[in-house]
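Nothing in this text is a laboratory measurement; each read-out follows from the coordinates by a stated rule. Please read all numbers here as calculations on a predicted model, not as lab measurements. FYI the Cβ positions are ideal-geometry reconstructions off the backbone, even for glycines, and counts take in every protein chain you see.
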Amino acid sequence: MATRHDTAALPLKEGGAAPGRPPADAVPDDKDQRRRARLSRRWQRDMRWSPYAFVSPFFLLFLAFGLFPLIYTGWASLHTVELTDPTDMQWAGLRNYTRIFDDDFFWNAAKNTLTIGIISTVPQLAMAMGLAHILNYKLRASTFYRVVMLAPYATSIAAASLVFVLLFGRDYGMINWGLHFVGIDAIDWQNDKWPSQIAVSSIVIWRWTGYNALIYLAAMQAIPQDLYESAALDGASRWKQFLHVTLPSLRPTILFTVVVSTIGASQVFGEPLLFDANKGASGGAEHQFQTLGLYLYEQGWVNMHLGRASAIAWTMFLILILIGIVNYVISRRLRASS
Amino acid sequence: MTTTLTKPAADADPQPTKRVRRPKSARAGGQMHAGPIAYVILALFTIGSLLPLVWTAIAASRDNQRLAQTPPPFWFGGNLFHNLDIAWNDANLGKAFINTTFVAGVSALTIVFLSTIAGFAFAKLRFKGRGAMMLIVIGTMMVPPQLSVIPLYMMVAKLDWTDQLQAVILPSLVSAFGVFFMRQYLIQALPDEIIEAAGWTVPAAGGWCGTSCSPPPGPRWPSSAC
């Protein structure tokens, strides 16, 4: 890595040191003028190329370890490939794609991904915003709370899912036990459609709320205090200050968390896989919480159809790009209207 | 909040200085003191965040028999060191710790560094193809991770790296998420004036980033490394 960075950064150093201080001598002779011209050429070169040098390490590594797998999978999605022998590929055209579009389980998984995504993302971001607002107060032991909020994020999905399976158990789980006291009958959190989706979403919410709260908090602390002071002088209430100072200042951050959460929600995999470990990749007895990620895994690693799994992966990828474009258009509209 | 503000007014006489300071902090906006409700909410979130973690520790200190029984155990048992001993020896945890530390350390440092410079370029510098490149960065986050398992394995096998750590480190040296994260942050946190001050008088691009970026992203580095 070090070498790669060095080659990328070299031109900056050359161009950088040179035109630092303007020459102090008062009589510019011929030689001096030439030197100046050279320096300014260097300076311009630096201005033009240094941005590329900054982003090139990312793109070089991405080319090797991101783009190649992406293209390879695209290529594999047009072939019949089995997991038993990944090098043996037979041309299949678009058959893998038509097969999955005809498969009811694909549409089921797509619907589940959407509903689980909404159930998990919306409350998660709303709660994170409220939490960040509270963490932004002057608090005793504020560092303690920040570390605690990040604890779920540092927990592995496997450990978290195991605990939640126990909490959501139908007969002996703590949640049904608690509901019993309020007079609600036992809910079958694993086999009923909506309860199981809510339960899977709750694992996601648990893991990511504190993380998003800290992102919002960091952005809130970057808001200049004088904005609040002048808002207060104009007689804005706390709530109005939150609406008209905090939220607009957080717009790039909110957009960021929405994009990242949407991508994360579309790839939910470990939580539903482990939520009913007996059923594994089928996502419950009736596929009631099978997500697209799980469906991909089932096709590729349980049924061994690598080509079809690649086609699912590319379909997911294209759906996400579509969502990304919609997101971009909406945020542009919002910016234009405000 | 109003409750905490009016409270000191009642017994104000013994501490006149506090009475002067409190309304000021309330006016300052972002930095007001937390009231009891805020602490209650935080306490609930703390319990919610820690309970599953604590429970894994409790489970680690019990044996299978007890864990299978119906009200699950709520307090620690005596089996912790026995279980740790088995885990340490059977799963070769010592080696795993060293490997994890090394892999995580190298990739975290590199990700932080590369994400910061790339994020800085995307946030503050103008260059041809900036928009398209940023779209590619965001696009790479949309690639389902399951997708690259097979091609990566075949690549690593071709390079004869199958039992070596660089097979794990190299693919994780850059993070599209990190770049996007630093960009969104630097757009706001790094005022253009600082870059201009650093950039137009000492137009070494390395110097810009070195002098102007390093304080603001400080708080953000740990999270982009995760």
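Cross-link pairs exceeding 28 Å between alpha carbons, from the set A:Lys111/B:Lys124; A:Lys111/A:Lys279; B:Lys95/B:Lys158: A:Lys111/B:Lys124. Take the Cα of A:Val258, step 7 Å toward its Cβ, do the same at B:Phe102, and the gap between the two points is 4.5 nm. Here A:Ala277 and B:His82 are evaluated by their C-beta separation; at R0 = 35 Å the FRET efficiency comes out at 0.90. One equal scatterer on each Cα of the stretch A:142-295, no solvent, Debye formula: the resulting log10 I(q)/I(0) at q = 0.09, 0.10, 0.14 Å⁻¹ is -0.43, -0.51, -0.82.
Based on alpha-carbon atoms, the Kirkwood radius and the radius of gyration of the stretch A:157-203 give Rg/Rh equal to 0.97. Reported value for chain A: 260 Å³ per residue, from the convex hull of its C-alpha atoms.
The C-alpha atoms of the stretch A:65-142 occupy a region whose extents along the principal axes are 64, 33, 20 Å, arranged from largest to smallest. How large is log10 I(q)/I(0) at q = 0.13, 0.24 Å⁻¹ when the Debye formula is applied to the Cα atoms of the stretch A:252-333, each weighted equally and without solvent? So the normalised log intensities are -0.49, -1.07.
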